[in-house]
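Trainee: Before I ask anything, let me first share the structure, which is written out below as structure tokens.
The values are calculated or read from the model by the stated rules, or taken from the named source; none is laboratory data. The shown structure was predicted, so the numbers you read here are calculated from the model rather than taken from an experiment. Cβ: placed from backbone, ideal geometry, glycine included. Neighbour counts: every protein chain shown. Accessible surface is based on the protein model in full, side chains and every heavy atom, while ligands, DNA and RNA are left aside. Shrake-Rupley method; radii C 1.70, N 1.55, O 1.52, S 1.80 Å.
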Amino acid sequence: MEMVTLTIDGQKVEVPKDSTVLEAAHKANIRIPTLCFLKGINEIGACRMCVVEVKGGKALQAACVLPVSEGMEVITNSPAVRESRKVTLELLLSDHNLECPTCVRNLNCELQKLSEELGIKSIRYPGEKHAPRYDDFSPSIVRDASKCILCRRCVSACHKVQGVGVISPNHRGFNTVIAPVFDLSLAEVACVNCGQCIMACPVGALKEKDDTDRVWQALADPEKHVIVQTAPAIRVSLGEEFGEGMGAIVTKKLPAALRRLGFDKVFDTDFSADLTIMEEGSEFLERLQHGGKLPLITSCSPGWIKFCEHYYPELLDNLSTCKSPQQMFGAVAKTYYAEKMGIDPSKIFVVSIMPCTAKKFEAQRPEMNSSGYQDVDVALTTRELSRMLKEAGIDLSKLPDEEFDDPLGISTGAAAIFGATGGVMEAALRTVYEVVTGKELQNIDFTEVRGVEGIKEATIDIDGTKVNVAVAHGLANARKVLDRVKNGEANYHFIEIMCCPGGCVGGGGQPILNAEERWAKDYREVRGNAIYEVDRSMKLRKSHENPAVQTLYKEFLGKPLSEKSHHLLHTHYTKRPLYPEV
Amino acid sequence: METAVKKDAELEEKLQKVDEMLEKYKGQKGALLQALQEAQGIVGYLPLEVQKKVAAALNITLSEVYSTITFYSFFNLKPRGKYQIRVCLGTACYVRGANKVLDRLEKELGVKVGDTTDDAKFSLDACRCVGACGLAPTIIINDEVYGRLTPDKVPEILKKYE
């Protein structure tokens, strides 16, 4: 690649020809402040925070969109630059809802951090403020335009990363607002509740619907038997909220923390992930061997499910009818577990800890009540759990190691990898292979479906039958795979789709990383690697070897795809409109 | 009732024409502005029904269509009056008192900027520079430009359209 050399603050830097000045400065460890910039996602020079002086140039230039050139001389820290940044920031703050101490992003806000760094001590421009607009009709995502700085990072995440595109800058100039069409609520448009907009937001303009109060109330109610399940991805992300490094594994701290919050039993969604593999693996074999609808597409990711319902309703029959592990857990808890423990299911309150905002929508779907009760009562995000722990004075890193409770806390490594893209596929293949062939798998690591490549394909030989599989994460990638299926250009048998980039480890309910952290390390990869490390450390690594799942079938369900399984563990889907009615 | 039915039939006919017009822009993301301009030419404004058609034809999101429509003051989300009054609020007009002209128009017509009179005769909009800065402040009624205005000249101009 052709290289050019430029000087930044007197320091020579050599970078590829197509770099920006911001990238060159990054390489030279020269920090230029940014706000609208999100590497690879939003590089539009909108906020003017990253302005620099270029020798020979007339005006200050935005470094994030300024191409480097040979011999260029850049100054990132002159009086003019500093003053310009300050003015810009003060103007942004003049129309910002400054309720910082009570904001969900207090102490994790890029605007707040910049004001501190740039030494803003007063705002010289008291001016007009936007009329507040607050949208909390969605069960998953809350929009608060009074804090929006119009950086468009959420817009890029929604359109480019997810291929959904239900929010845009509407109107113009001072009246600009990032919103759905006709200023409708997110609940009224084809939003899939993935929460990637929240992950992209530098401030508190987008946040999850907070359900912690409902959990506090349940925990304080002596009548209720409150149980909790934690998704695979939580064990490699919650630590980040307590100062541990990105992807720190906290599997054994989780049960300790949840017990101290007062849950009656601390269970694991990994248990029902193993159960999902039993059902979904059997469903795949059934379809493969008896001419059923193929490709079979996984159904664990509720953002993906709603996406399919809105955007690809013609593929609804390809979806696995399996409920997601979260919902399977609830259905089993309020039937099998209730019976076994002699507890009235109406008294059981199921809380799930999810890396996901779409899980909140899924939990309240009306069809998710096959036990006679809603499978899951409240779905909390990783962030909400972290807030509850902090409120209760529980410091995760200071807790002893503890184990999940029996029987719904027993799991295998195959369940753990549900948290990373490719994991459900790999877990299914481990089980399907052994069920079909009756032989033990020599190498259980299907590395070809791992990693952060947007679309992964593989052909697996199962006793002479070639099975073509595809794995996609991030809905823009999913679109490419689905379009190929729709147009008859692909011959897949089995497809895994995860709504969020990286799979659940990159879910919209996970700890929020600021733009710099996201640039420094690929969180999808770091958390994903941690997930596979959890898998490697498990004694059992195949779902069909999970003794608690085996007992569940023996004592209660019979066998996979039995009538009882169908009733409790499977579901149906609803075609939803692409466009709203106004 | 009868008029409502007639109106529906008229709209149906116009929507049909929009479909025909969009044929030539199928799959062309870059044709958004032309498509919207032509659609507004046919229907008179850009209701949701039309926006959906444009989004589907060009294979872009409804959100992009709506975002573009609301960015440009030329596009209307609501039906407009027989006479469309646009008040230039560009810099030159603004500093020469366009705001006062707009206030007077609102008062005389009894509507706020962006609205249409109950008899569907006048609609009132603000717009950006119309390129007649030498005549500032200016307004445009349909295709007619009026310049060097003061609030007091407003009633006289409106009389022409009675």
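Trainee: Looking only at residues that are of a type in the set (D, E, K, R) and under 22 Å from A:L285 (Cβ atoms) in the range A:536-578, which one is farthest from the other protein chains (Cβ to nearest Cβ)?
Mentor: Top of the filtered list is A:K554.
Trainee: So, one more: Does any residue of the range A:162-170 turn out to be small (G, A, S) and without any contact (Cβ under 8 Å) to a residue 24 or more places away in the chain?
Mentor: Yes, the range A:162-170 contains at least one residue that is small (G, A, S) and without any contact (Cβ under 8 Å) to a residue 24 or more places away in the chain.
Trainee: Looking at A:L206, A:L219, A:L186 in this structure, which one is under 30 Å from A:E516 (Cα atoms), aliphatic (A, V, I, L, M) and more than 14 Å from every other protein chain (Cβ to nearest Cβ)? So that I can check it myself, show each step before the final result.
Mentor: Values: A:L219 fails: under 30 Å from A:E516 (Cα atoms); A:L186 fails: more than 14 Å from every other protein chain (Cβ to nearest Cβ).
Just one listed residue meets the conditions, A:L206.
Trainee: If you don't mind, there's one more thing I want to ask. All but one of (1) within 24 Å of the chain's Cα centre (by Cα); (2) part of a helix (DSSP H, G or I) hold for A:A379, so report the exception by its number.
Mentor: Result: A:A379 fails condition (2) only.
Trainee: Yes or no: A:H290 within 24 Å of A:A458 (Cα to Cα) and open to solvent by 10 Å² or more (accessible area, probe 1.4 Å)? Give the derivation first.
Mentor: Details: within 24 Å of A:A458 (Cα to Cα): yes; open to solvent by 10 Å² or more (accessible area, probe 1.4 Å): yes.
Criteria met by A:H290.
Trainee: Go through the range B:18-31 and give me each residue that's touching a helix residue (DSSP H, G or I) at 6+ places or on another chain (Cβ under 7 Å), in a helix (DSSP H, G or I) and either more than 14 Å from chain A (Cβ to nearest Cβ) or open to solvent by less than 20 Å² (accessible area, probe 1.4 Å) (or both).
Mentor: Matches in the range B:18-31: B:V18, B:D19, B:M21, B:L22, B:Y25, B:A31.
Trainee: For A:K252, indicate whether it is surrounded by 20 or more Cβ atoms within 10 Å (Cβ to Cβ), among the basic types (K, R) and assigned by TED's automatic domain parsing to the domain that holds A:K559. Steps first, answer last, please.
Mentor: Numbers: surrounded by 20 or more Cβ atoms within 10 Å (Cβ to Cβ): no; among the basic types (K, R): yes; assigned by TED's automatic domain parsing to the domain that holds A:K559: yes.
For A:K252, the condition - surrounded by 20 or more Cβ atoms within 10 Å (Cβ to Cβ), among the basic types (K, R) and assigned by TED's automatic domain parsing to the domain that holds A:K559 - is not met.
Trainee: Moving to a separate point now. Could you please find all residues in the range A:7-23 being surrounded by 18 or more Cβ atoms within 10 Å (Cβ to Cβ) and either under 14 Å from A:W519 (Cβ atoms) or touching an Asp or Glu at 6+ places or on another chain (Cβ under 7 Å) (or both)?
Mentor: Scanning the range A:7-23 gives A:V15, A:S19, A:T20, A:L22, A:E23.
Trainee: With respect to the numbered conditions (1) among the charged types (D, E, K, R); (2) crowded, with 17+ Cβ neighbours inside 10 Å; (3) within 14 Å of another protein chain (Cβ to nearest Cβ), which one is the sole condition not fulfilled by A:E581?
Mentor: Every condition holds for A:E581 apart from (2).
Trainee: From B:G27, B:G81, B:G44, grab the single residue that is on the phi > 0 side of the Ramachandran plot and under 15 Å from the mean Cα position of the chain (by Cα).
Mentor: On the way: B:G27 fails: under 15 Å from the mean Cα position of the chain (by Cα); B:G81 fails: on the phi > 0 side of the Ramachandran plot.
None of the others qualify; the one that does is B:G44.
Trainee: Now a separate question. Restricting to the range A:479-516, give me the number of residues that are under 27 Å from A:S282 (Cα atoms) and among the small types (G, A, S).
Mentor: Matching residues across the range A:479-516 total 4.
Trainee: Does A:I410 satisfy the condition of being assigned by TED's automatic domain parsing to the domain that holds A:A233, assigned to a loop (DSSP other than H, G, I, E, B) and among the β-branched types (V, I, T)?
Mentor: So A:I410 fits the description; yes.
Trainee: Cβ contacts < 8 Å: first residue assigned by TED's automatic domain parsing to the domain that holds A:S237 and modelled with pLDDT of 95 or more, restricted to the range A:370-385; second residue surrounded by fewer than 21 Cβ atoms within 10 Å (Cβ to Cβ) and acidic (D, E), any location; separation 6+ or different chain. Result?
Mentor: A:V378/A:D211; A:A379/A:D211; A:L380/A:D211; A:T382/A:E241; A:R383/A:E241; A:E384/A:D210; A:E384/A:D211
Trainee: Name every residue in the range A:24-57 that is more than 24 Å from A:R152 (Cα to Cα) and exposed (fewer than 13 other Cβ atoms within 10 Å of the Cβ), in order of residue number.
Mentor: Matches in the range A:24-57: A:N29, A:K55, A:G56.
Trainee: From the list A:N491, A:N443, A:N468, A:N477, which residue is in a helix (DSSP H, G or I), assigned by TED's automatic domain parsing to the domain that holds A:L258 and open to solvent by 30 Å² or more (accessible area, probe 1.4 Å)? Give the derivation first.
Mentor: Details: A:N491 fails: in a helix (DSSP H, G or I); A:N443 fails: in a helix (DSSP H, G or I); A:N468 fails: in a helix (DSSP H, G or I).
Step by step, each of A:N491, A:N443, A:N468, A:N477 is checked, and only A:N477 is in a helix (DSSP H, G or I), assigned by TED's automatic domain parsing to the domain that holds A:L258 and open to solvent by 30 Å² or more (accessible area, probe 1.4 Å).
Trainee: Mind checking whether some residue in the range A:112-135 is under 20 Å from the mean Cα position of the chain (by Cα), in contact (Cβ under 8 Å) with a residue 24 or more places away in the chain and not assigned by TED's automatic domain parsing to the domain that holds A:H310?
Mentor: No, the range A:112-135 has no match at all.
Trainee: Is one or more of the residues making up the range A:136-144 within 13 Å of chain B (Cβ to nearest Cβ) and under 23 Å from A:G303 (Cα atoms)?
Mentor: Checked against the condition, which is being within 13 Å of chain B (Cβ to nearest Cβ) and under 23 Å from A:G303 (Cα atoms), the range A:136-144 yields no hits at all.
Trainee: Of these, A:P202, A:P222, which one is assigned by TED's automatic domain parsing to the domain that holds A:Q327, in a loop (DSSP other than H, G, I, E, B) and farther than 19 Å from A:K390 by Cα?
Mentor: After applying the criteria, what remains is A:P222.
Trainee: For the range A:358-409, name all the residues that are buried (at least 20 other Cβ atoms within 10 Å of the Cβ) and of a type in the set (D, E).
Mentor: A:E362, A:D375, A:D377, A:E384
Trainee: What are the pairs, 6+ residues apart or on separate chains, where a residue within the range A:442-466 that is touching a residue at least 40 places away in the same chain (Cβ under 8 Å) has its Cβ under 8 Å from a residue that is basic (K, R) and buried (at least 17 other Cβ atoms within 10 Å of the Cβ)?
Mentor: A:I444/A:R430; A:I444/A:R541; A:I444/A:K542; A:V449/A:K456; A:R450/A:K456; A:V452/A:R524
Trainee: Something else about it: Can you find even one residue in the range B:43-65 that is more than 30 Å from B:L149 (Cα to Cα), open to solvent by less than 70 Å² (accessible area, probe 1.4 Å) and away from chain A (no Cβ under 14 Å)?
Mentor: Scanning the range B:43-65, I find at least one residue that is more than 30 Å from B:L149 (Cα to Cα), open to solvent by less than 70 Å² (accessible area, probe 1.4 Å) and away from chain A (no Cβ under 14 Å), so the answer is yes.
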